[in-house]
């Protein structure tokens, strides 16, 4: 199996993170890349540089209004007297649609769900290369590979069509799924991140060709709070094509694997031609966010269970934050998935 990754993805280096009203260092650090690369190499993967695919695959998911905002907002922000070093919103609309704000401050609030994804001079290029890693991994599967791994950083599953949030700018898992649709009639996204993949759900909520499944800490008291509840099943043509499995805080391997079994039954009933695994490693018991209690050996069991689906798969990196075991957790998942044989 190959891991697709470009060095440009490390240049995005956010400083700001507002949590419970307090300013803290942003946990989505470039150092994550080195630890994940070490974990991928330990599992026998070879590193491949993604191709520069242009905006086509990204605009298949994200609106042109949003892409224009992301590309130009940092330069525009610099012209605001007294503005912060990074683009950080201080206002959010309570209703969307209608008149679009002309000011940089208003657009930042419109297109950014929270303060966890500040935009710097390097954010646009890093986010593009992260998305192109997902596209290249999807193309490898379309070309006949049984599986590939996209080391996407910045991550993506909290990004909606026109909103950044939760460290995410482009929804890499959604972009990979849409790319797979070139040859796959049906695609399932299995999100095993600690946090609900609210952006991914939002992108496909009214579609029946992409099944979205997410196992995550119960959002009633956990980010992203407003999405990820069990009664969210899709709308319109998508009704019944979204499946959320919220777990109690600190749920361990046994509870997680029980939820995963239910998730995989739903995927099998959908009978996808290919799958995307939104691989968050932050469900780990020692992850800084501390939401769930999956062990390092538990990630191998998760990988093994998903591999039994026997579907072509794109593994897209989502969360998983700095702790001593981060690389080991990736190695464990990939070993369980059987990466060396794929």
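Since every read-out is calculated from the coordinates, none of them should be taken as a lab result. From a predicted model like this one, the values you see are computed outputs, not experimental measurements. Cβ: placed from backbone, ideal geometry, glycine included. Neighbour counts: every protein chain shown.
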task = With a ≥ b ≥ c taken as the square roots of the eigenvalues of the C-alpha gyration tensor of the stretch 168-233, please select rounded if a/c is under 1.5 and otherwise prolate if a/b is larger than b/c or oblate if it is not?
result = prolate
remark   = Helix 64-77: inclination vs the chain longest Cα principal axis, degrees, rounded to 10, gives 50 degrees
task = Between 242, 329, 38, find the one with the highest GNM mean-square fluctuation for the chain; connect C-alpha pairs within less than 10 Å.
result = 38
inquiry  = Tell me whether the chain comes out rounded, prolate or oblate; compute the Cα gyration tensor, take square roots of the eigenvalues as a ≥ b ≥ c, and use a/c under 1.5 as the rounded threshold.
reply    = rounded
Taking the chain and dividing mean pair separation by its residue count, relative contact order in percent (alpha carbons under 8 Å, at least six apart) = 19 percent
request  = Quick one: compute the contact order of the stretch 1-160, relative version, from alpha carbon pairs under 8 angstrom and 6+ residues apart, as a percent.
outcome  = 39 percent
message = Nearest 5 percent is fine: what portion of the DSSP beta bridges confined to the chain is antiparallel?
response = 15 percent
message = Run the helix sum for the chain: -39,500 (n - 2.57) per DSSP H stretch of 4+ residues, divided by residue count, reported at 222 nm to the nearest 500 deg cm²/dmol.
response = -10500 deg cm²/dmol
key: Cα centroid separation - the stretch 256-308 against the stretch 131-189, whole Å   = 17 Å
request  = When a/c is below 1.5 the answer is rounded, else prolate if a/b is larger than b/c, else oblate, so apply that to the stretch 199-334 with a ≥ b ≥ c taken from the square roots of the Cα gyration tensor eigenvalues.
outcome  = oblate
key: Rounded Å value of the spacing that divides the Cα centres of the stretch 51-108 and the stretch 318-342   = 33 Å
query = Using the per-residue mean of other Cβ atoms lying within 10 Å as a proxy for protection, in what order, highest first, do the peptides 267-278, 143-154 fall?
reply = 143-154, 267-278
